[in-house]
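Here the structure comes first, spelled out in structure tokens, and everything after it is commentary.
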Amino acid sequence: MNLRKPLILTVVASALVGSLAISSISASAASDPGVSSSEIVLGMQLPQTGAASPGYNKVDDAARAYFDYVNSKGGVNGRSIKLVVKDDTYKAGLTISTASKLINEDKIFAFFGSIGTQTHVSIIKDINRRKIPDIFVNSGYSGFYTDPKKYPTTFGGLGTYTVEAKILGKYLKEKYADKKIGILYQSDDFGRNAVAGFTAAGLKFEAKKTSASFIAGTQGSIGLASQLSQLKANGVDIVIIAAVSSATAVAYATASAIAYKPTKWAVISVGADATTFQTILGSKGVPAATSAAMLAGTISASHAPAPGDATDEYVTAFKKINDDFNKGADKRWDNNVMQGMNIAYLATSALMGVGKDLTRAKLVAYLEDNGSKLSSAAFAPLGYSKSTHEAFTGFWLGEYDATTLLAPIDGKRVVYTTDSGSGAVTVSNYMRPAIAADALPKVA
Amino acid sequence: MKNINLKRLIATLGASAMISTGLVVAVAAPAQAAEPVCVTDAKTSTITCDGKLSNGAAYKTMVPSNYGGTFYFWQHGIRPSYPYPGYTVPKGVEQMAPTSVNHKIDTTKSMLTLGYGLASYDCSSTGLHGWNTSDCVEMLNELVTITKARISIQKTIVYGASMAGAILTPFIEKYPNAADAVGILAGVTPSINNELKSGCDMLYIFSVFFDPTIKGCTAMGTKGVPGHYAVLGDFAKVVTLLTQWSKDSGSLPLAYPAALATSGIPQRSALLLAGLIAGLPTKSANFDGISTSALVPEQSINATLAVLQNAGELLGTAYFGGQAVSEVVGAGFYDNTKTDFAALLSDADLGRFNLGLSGDDAINGMLATLAASPRVTGDATALAKVAALDKSKFDTSKPVVLLSNEADRLVLPGNTPLYLNKARAVYESKLAAWRSKFKAATTTSQASALLKSKPIWNTVAMYAMTPETYTKFTAAGLPDTTAAISPSGVGHESFTKDQLMLWVRTLASSAKTGRVPSSGVMAANMAGVVNLNTDPDYQPNELKYQD
């Protein structure tokens, strides 16, 4: 007697039990929070207020401006993109509570572009436990991205500090072989990550002599006088700064106050944004012309075009969208606005790429499988794969001119590439695809 | 741990030298149980009966006039077996129903009003009130059995707080038909060994950085009053430190050990390090771990003050819980010869509290010192015994409802997700096995029979949360510890009445249906109670040890 058919029919008809697991998985997949037929909700955390906010507090408005532009063109697969933003004031306790609000009250589909290493490290484990995509994080800390088994849903939104430091370090070592090179860094994941990169590039620092550190967050209250005095006393000619913009501003002001004039300053990009630098010094009464002069000659790096590069097609396109759609209090065009626009462009690309059947799992899988093929304003490709979730794998080096424009060293932009491990620094042969006339990504 | 007023003890120890007092050791149990003596309240008609279990331990039942057939059996938490200044060893039943220390709430009246029968007993055996958990399992079973024989009970609920978790979980696994639902309030779940190791770690770190004469968990193991006093004496050293830090906020530089004596690292950084390694909450009654002022310039300083405020109770628990455990397993139950203290600090700890820890150089210096410090070698027999203590399988099919504070400083909140995760793993495994069987079924009768035995997920956890911020400062920017404490989420066995009563009602409905409420019903119920977690997937920080 063949019981198979009646059994199956009986089971399916009466109990639903055997299929329960499968149907619940499908149902869950089809109804991930934050995505409906008409909308995709993304959540961002950043310091909109407080001491760490200058500059960074423009990224959300810029990203939203780009999403609003996309929405004005019909959205992504018929869905508009909504960006919900929470101000964590750069305090990790608030990062935890605001993350909970984004998840439970705002029902976000994914975290997007959240800013800050120390803050994000407080929630990254929980976000990943919940399998929520955590895309284009505005932190260059490689520890978030180089072990996807540890943080499977997190993807970077900046080149890592290690990659940048390796590239910058190689240049400084070769260019200033006869000079004494020292470093000022904040003693946290950011600073440590950068020091590792410079060390990998062959630079050697001597603790308490050519290497000076400070505890992140004390640059405003305690200041950096002892650190700068130490570097001065040890005859450091080239001072590298691996710290946030507010620390860079304090360092320059302190050096000026103690009559310390290094031959060169070299600053990791997130600490070298010109408008942030000028805003912070401006709040202390330093005129813009003076702060511009202080910054002039500083070496830094970027994965993207300089915001002041009027010849760049992405800059032109994004700048226009910023003019037309940015409703923020401060929409002045700068690195932060450019970065906000660029990661919004990338998010749009990824959401388009996943297609109509958008789920959290599919977004993560799409970025691992196809993320490295996505283009953006960056001159370096994305590194996303199953083995790493690092974003931009290359940087070009520049020097700030008197107008606070980061101009390529020697007048020619050369993009270097490497990884966050022991790979060599080489010249990149990546050719950035052109931006479409409508400034929307074209994803197959 | 309602009956241990550690705050008072800490104050007493801090204020004066210990006073030797005459000790009364619990009297040996009589051989036979006595019949209960019952009285009826003239006003409410509630019938209260007092009786003795077969070993002489007291029990009490209360049946209201509107009794509806649901009976709650309360299991209390740990009690010291010996007195100390400001504390007398209890005799008899102290508590009939959940209470809240912070909120000065006793739910007995509310539960009686709802028509619930109540029972409670004094888990005193062989002269001990402490970690006699295996005895408590049997005594609770006896109480349930004799009460069922005397009173008509339709639904039986066993519930309790703190150490009760180490009794109720093994209880329902050993006596699966004895109860219809299990409630664990701020409970260990169930192995105390996890948390004990963290408490002992913290004491060890204190001995390395602050006072080498502190013996910590190596002071434990002598039975009886001498052991109790040895522990009290050691605890007094810790209290001296805590008292000093409460005055100077630990701002003085480390004076010890030699390797760090000139480092300039403030003592508060080493305290924070010890707290983080132990997994102590970085929120406390007055400190939210976030708020800043002119004198508390950064969030991690606030968190350090929270750790300071929490440390006394965790360490008090380590001392008294550890001593109670040592009476059962013997001396030498703590061993840190293989402990990697650096690995016990999470990435999040190092990032978020970097400034409070005085930065990377200080962290590295302190960790290097810990790594190089002589370690404690335990006793193999005691270690095996403590590891086996209160072990459970987490395989009960009965509804289990847990309630915990987000920042419980005594039974750490990570106990609750540990229970949940272990129960979940067992459930997933059972479900997978069931699915295999179901797939293999070849007859409709086989399939139908299997449908009736499909495993169900029958555990739910609730958390009482703190508000986002609540630290109050004086006009000068000093933390104001005289201000109102957080209205929720802090302290041990401290919940609002609404939180407690939702837990009680959830237990009743679960016992009635055999299942915990659906996630939708739970979400709706929890949304109606202030400061319960609205995030169904919320999990507090994990325990550092998860055996």
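Taken over region B:390-408, residues that are surrounded by 21 or more Cβ atoms within 10 Å (Cβ to Cβ) and at pLDDT below 95 amount to 2. All told, B:Thr471 meets the bar of being within 13 Å of another protein chain (Cβ to nearest Cβ) and β-branched (Val, Ile, Thr).
Do the conditions hold for B:Met462, that is, is it in a helix (DSSP H, G or I), in contact (Cβ under 8 Å) with a residue 40 or more places away in the chain, of a type outside the set (D, E, K, R) and within 30 Å of B:Thr113 (Cα to Cα)?
So B:Met462 fails the test.
For region B:266-290, the candidate set comprises residues that are modelled with pLDDT of 95 or more and either more than 26 Å from B:Lys197 (Cα to Cα) or acidic (Asp, Glu) (or both); within that set, the residue that is surrounded by the most Cβ atoms within 10 Å (Cβ to Cβ) is B:Asp288. Please enumerate the residues belonging to region B:111-147 that are part of a strand (DSSP E or B) and on the phi > 0 side of the Ramachandran plot. Scanning region B:111-147 gives no hits.
Residue pairs whose Cβ atoms lie under 8 Å apart, sitting 6 or more positions apart in sequence or on different chains, and linking a residue in region B:525-538 that is within 13 Å of B:Pro417 (Cβ to Cβ) to a partner that is of a type in the set (Phe, Trp, Tyr) and crowded, with 19+ Cβ neighbours inside 10 Å, are B:Asn533/B:Tyr463; B:Tyr538/B:Tyr463.
Just one of B:Ser486, B:Ser453, B:Ser448 is farther than 22 Å from B:Tyr419 by Cβ, within 14 Å of another protein chain (Cβ to nearest Cβ) and in contact (Cβ under 8 Å) with a residue 60 or more places away in the chain; which is it?
B:Ser486
Restricting B:Leu357, B:Leu305, B:Leu295 to residues that are within 14 Å of chain A (Cβ to nearest Cβ) and surrounded by fewer than 23 Cβ atoms within 10 Å (Cβ to Cβ) narrows the list to B:Leu295. Scanning region A:89-110 for residues that are under 19 Å from the mean Cα position of the chain (by Cα), of a type in the set (S, T, N, Q) and at pLDDT 95 or above yields a single hit, A:Thr95. Here B:Ser373 fulfils each of the conditions (1) buried (at least 22 other Cβ atoms within 10 Å of the Cβ); (2) assigned by TED's automatic domain parsing to the domain that holds B:Leu260; (3) of a type in the set (Gly, Ala, Ser) apart from (1).
The condition of being without any contact (Cβ under 8 Å) to a residue 40 or more places away in the chain and part of a helix (DSSP H, G or I) holds for only one of B:Ala311, B:Ala274, B:Ala343, that being B:Ala343. Within region B:240-255, being in contact with a helix residue (DSSP H, G or I) (Cβ under 8 Å, 6 or more places away or on another chain) and either outside any loop (DSSP other than H, G, I, E, B) or closer than 18 Å to B:Thr482 by Cβ (or both) holds for B:Thr240, B:Leu241, B:Leu242, B:Thr243, B:Trp245, B:Ser246, B:Ser249, B:Pro253. Taking the criterion of being at the interface with another protein chain (Cβ under 9 Å from one of its Cβ atoms) and not charged (D, E, K, R), the residues of region A:103-124 that qualify are A:Ile103, A:Asn104, A:Thr117, A:Gln118, A:Thr119, A:His120, A:Val121, A:Ser122, A:Ile123, A:Ile124. May I ask you to list pairs of residues, at least six apart or on different chains, whose Cβ atoms are under 6 Å apart, with the first in region B:92-115 being more than 23 Å from B:Ala57 (Cβ to Cβ) and at pLDDT below 95 and the second being surrounded by fewer than 19 Cβ atoms within 10 Å (Cβ to Cβ) and charged (D, E, K, R)? Qualifying pairs under 6 Å: B:Ile105/B:Lys497. Go through (1) under 30 Å from A:Leu228 (Cβ atoms); (2) within 10 Å of another protein chain (Cβ to nearest Cβ); (3) more than 13 Å from the chain's Cα centre (by Cα) and name the single condition A:Arg129 misses. Single failed check for A:Arg129: (1). Among the candidates B:Val516, B:Val504, B:Val530, the residue that is more than 28 Å from B:Gly316 (Cα to Cα), aliphatic (A, V, I, L, M), surrounded by fewer than 17 Cβ atoms within 10 Å (Cβ to Cβ) and at pLDDT 95 or above is uniquely B:Val530. Would region A:111-125 turn up any residue that is among the polar types (S, T, N, Q), at pLDDT 95 or above and surrounded by fewer than 24 Cβ atoms within 10 Å (Cβ to Cβ)? Checked region A:111-125: no residue is among the polar types (S, T, N, Q), at pLDDT 95 or above and surrounded by fewer than 24 Cβ atoms within 10 Å (Cβ to Cβ). Candidates in region A:197-239 are the residues that are within 14 Å of chain B (Cβ to nearest Cβ) and in a strand (DSSP E or B); of these, the one that is nearest to B:Leu357 (Cα to Cα) is A:Phe214.
The residue that is farthest from A:Asn335 (Cα to Cα), counting only those in region A:132-181 that are aliphatic (A, V, I, L, M) and within 14 Å of chain B (Cβ to nearest Cβ), is A:Ile132. When region A:87-102 is limited to residues that are in contact (Cβ under 8 Å) with a residue 40 or more places away in the chain and within 11 Å of chain B (Cβ to nearest Cβ), the one that is nearest to A:Ser349 (Cα to Cα) turns out to be A:Leu102.
Restricting the first member to region A:227-242 and to residues that are closer than 21 Å to A:Asp188 by Cα, and the second to residues that are surrounded by fewer than 17 Cβ atoms within 10 Å (Cβ to Cβ) and modelled with pLDDT under 95, the beta-carbon pairs closer than 8 Å and six or more apart or on different chains are A:Gln230/A:Lys208. For region B:465-502, the set of residues classified as within 24 Å of the chain's Cα centre (by Cα) and outside any loop (DSSP other than H, G, I, E, B) consists of B:Val490, B:Lys497, B:Asp498, B:Gln499, B:Leu500, B:Met501, B:Leu502, listed by residue number. When region A:240-262 is filtered for residues that are touching a Gly at 6+ places or on another chain (Cβ under 9 Å), in a loop (DSSP other than H, G, I, E, B) and surrounded by fewer than 24 Cβ atoms within 10 Å (Cβ to Cβ), only A:Pro262 remains.
Let's see how each residue does on (1) surrounded by fewer than 18 Cβ atoms within 10 Å (Cβ to Cβ); (2) outside the structural domain of A:Val315 (by TED's automatic domain parsing); (3) out of contact with any Ser or Thr (no Cβ under 7 Å at 6 or more places or on another chain); (4) part of a loop (DSSP other than H, G, I, E, B):
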| position | (1), (2), (3), (4) |
| --- | --- |
| A:Ala350 | no, no, yes, no |
| A:Leu363 | no, no, yes, no |
| A:Leu367 | no, no, yes, no |
| A:Ala377 | no, no, yes, yes |
| A:Ala402 | yes, yes, yes, yes |
| A:Arg413 | yes, yes, yes, yes |
| A:Ala424 | yes, yes, no, yes |
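The values are calculated or read from the model by the stated rules, or taken from the named source; none is laboratory data. As the structure is a computational prediction, the values presented were derived from the model and not from experiment. With ideal geometry, Cβ positions are generated from the backbone for all residues, glycine too; neighbour counts draw on all protein chains shown.
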